[in-house]
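One structure is given below, encoded as structure tokens.
The values are calculated or read from the model by the stated rules, or taken from the named source; none is laboratory data. No experiment lies behind these values; they were computed from the predicted model shown. Cβ atoms come from the backbone with ideal geometry, glycine included; neighbour counts cover every protein chain shown.
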Amino acid sequence: MPRVDYLDDPNAPKANSIVPAVSAIVPDDQGRILLIRRTDNKYWAIPGGGVEAGESVSQATTREVEEETGIICEVTGVVGIYSNPGHVAAYDDGEVRQQFSICFRTRMVGGVIRTSSESSEVRFVSAKEVLTYNMHPSIQLRVRHYLESRPEPYIG
């Protein structure tokens, strides 16, 4: 479903839902970061999505990465917790979702890159180039925090 992201926009619609979500930084053996081009808003992003009933956040992370990219990974740590109430996503069905996402560090363990209904392109991008891609600022923030190798997860 098409999606419009708002960040600190006084004219943004008011949130009417919050869904626990996960996202993942998946580096390859050369340190390049796995990116997808989202089909719903056309931005480049790291893989991720909502946590489903009956699964843990680490299970949701590995499921979402594999569904969107074909890559199999395992969770190794936390980059940060992102819950800015000024970031909402409006969907064409009337849902306006407040951001709540835990971003995980992962290790790739297998799989073959492919696209999905949620990703029109999938590729590994060098750390030098990754922030030049057209990403929503909330995703750029997660990638920057990962690249900074922070000793503690970001909480915000």
- Query: In region 140-156, how many are in contact with a Leu (Cβ under 9 Å, 6 or more places away or on another chain) and not charged (D, E, K, R)?
  - Reply: 5
- Query: Out of (1) assigned to a strand (DSSP E or B); (2) under 16 Å from I36 (Cβ atoms), what's the single condition that is false for G80?
  - Reply: (2)
- Message: Whether any residue in region 99-111 is in a loop (DSSP other than H, G, I, E, B) and surrounded by 13 or more Cβ atoms within 10 Å (Cβ to Cβ) is what I want to check.
- Response: yes
- Query: Does S120 meet the test of being in a helix (DSSP H, G or I), under 24 Å from P2 (Cα atoms) and in contact (Cβ under 8 Å) with a residue 60 or more places away in the chain?
  - Reply: no
- Query: From the list S120, S116, S83, which residue is polar (S, T, N, Q) and touching a strand residue (DSSP E or B) at 6+ places or on another chain (Cβ under 7 Å)?
  - Reply: S120
- Task: Return yes or no: is A60 in a helix (DSSP H, G or I), among the small types (G, A, S), surrounded by 17 or more Cβ atoms within 10 Å (Cβ to Cβ) and out of contact with any helix residue (DSSP H, G or I) (no Cβ under 6 Å at 6 or more places or on another chain)?
- Result: yes
- Note on the structure: Over region 79-98, the set of residues among the hydrophobic types (A, V, I, L, M, F, W, C) and either at pLDDT below 95 or crowded, with 16+ Cβ neighbours inside 10 Å (or both) is V79, V88, A89, A90, V96
